[in-house]
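To keep things clear, I will list the structure first and then write my remarks on it.
The values are calculated or read from the model by the stated rules, or taken from the named source; none is laboratory data. Source: prediction; values computed, not measured. Glycine gets a Cβ as well: all are built from the backbone with ideal geometry, and neighbour counts include every protein chain shown. Keep in mind that these areas ignore ligands, DNA and RNA; they rest on the heavy atoms of the full protein, side chains included. Shrake-Rupley method; radii C 1.70, N 1.55, O 1.52, S 1.80 Å.
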Amino acid sequence: MRNILVLKSSILADNSQTNQLSDYLVSKLGDNNNIVVRDLAKNALPHFDATAATAVRGQPSTEAENALLALSDELVAEIQKADLVVINAPMYNFNIPTQLKSYFDFIARPRVTFQYTANGSEGLLKGKKAIVLCAFGGLYDEENLVTQYMKSILGFIGITDVQFVYAQGIGFGPEAIEKAQASAKNKINEIVANL
């Protein structure tokens, strides 16, 4: 049995290409899994502001700060428990959705999910796999900001076994969407077969 955390971040709900892909992926993993789905668009996290920063990186003292620390603790516990993290990362204006960025702001915690050492930063969430599902309106190579950010932030917290699935060119219309979905599902099938 695997513990699987699915992070949805698209604002498009059932019309989301990445939501459709993560639902497909989960269906291919079989029933013998413990799956937690966190929809960051439907249940948005607070914006990461000075109060949140004090809550997770300083000494929380107010009711608001303690509530944000409890939220961060909940998010961290979910990802710590997960063996596999499935992340929906559609491209919005060349980068990830703000909902997903807030998630990483709340879980990137010194001495909890990463630490600084004499040799630089060290991620503490080791031994996990991640599958990042990306949807792009256009066509991009792997140097795009979504891929680069996701590799950087996941590596920073210790998740280095990361595979990417792309649904590209969805802005070109229904036929392009169908082709992109078919290509992405083939890649998902390949990944699942080798998990």
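Would you work out what percent of the accessible area of the chain, with all protein chains in place, is carbon or sulfur (probe 1.4 Å)? Taking all protein chains in place, the chain shows 49 percent carbon and sulfur surface.
Over the range 36-195, Cα pairs under 8 Å with separation of 6+ residues give a relative contact order of 19 percent. Using the Cβ-Cβ distance between Ala176 and Tyr116 with R0 = 41 Å, the FRET efficiency computed as 1/(1 + (r/R0)^6) comes to roughly 0.40. Between helix 145-156 and the chain there is an angle of about 40 degrees, using the helix long axis and the longest principal axis of the Cα atoms. Shown for the range 69-194 is the translational diffusion coefficient from the Stokes-Einstein equation, using the Kirkwood radius over Cα pairs, a temperature of 25 °C and a viscosity of 0.890 mPa s: 157 µm²/s.
Please identify which residues in the range 91-120 have an amide N closer than 20 Å to a label point set 7 Å out from the Cα of Lys81, following the Cα→Cβ vector. Taking a point 7 Å out along Cα→Cβ of Lys81, the residues of the range 91-120 whose backbone N falls under 20 Å are 103-104, 106-109, 112-114. Once the Cα atoms are used to define both axes, helix 17-28 deviates from the longest principal axis of the chain by about 90 degrees. Taking label points 7 Å from Cα along the Cα-to-Cβ direction, Ser183 and Ile35 give a separation of 2.6 nm.
The Cβ shell under 12 Å around Ala55 holds other residues with a net charge of -3, Lys and Arg each +1, Asp and Glu each -1.
The C-alpha atoms of the chain define a longest principal axis, and helix 63-81 lies at about 50 degrees to it. The label point for Leu124 and the one for Asn93, both projected 7 Å from the Cα toward the Cβ, are 3.4 nm apart. Under a Gaussian network description of the chain, with springs only between Cα atoms under 10 Å, the residue in Phe48, Phe156, Phe172 that fluctuates furthest is Phe172.
Accessible area per residue of the chain at 1.4 Å probe, in Å²?
51
Rounded to the nearest 20 debye, the dipole size of the range 39-166 about its Cα centre is 200 debye, using +1 on the Cβ of Lys and Arg and -1 on the Cβ of Asp and Glu.
From the cross-link list Lys101/Lys129; Lys42/Lys126; Lys128/Lys179; Lys101/Lys179, which pairs have alpha carbons spaced over 26 Å apart?
Among Lys101/Lys129; Lys42/Lys126; Lys128/Lys179; Lys101/Lys179, the Cα-Cα distance tops 26 Å for Lys42/Lys126; Lys128/Lys179; Lys101/Lys179.
Bridges between two residues of the chain, per DSSP, are antiparallel at a rate of about 15%.
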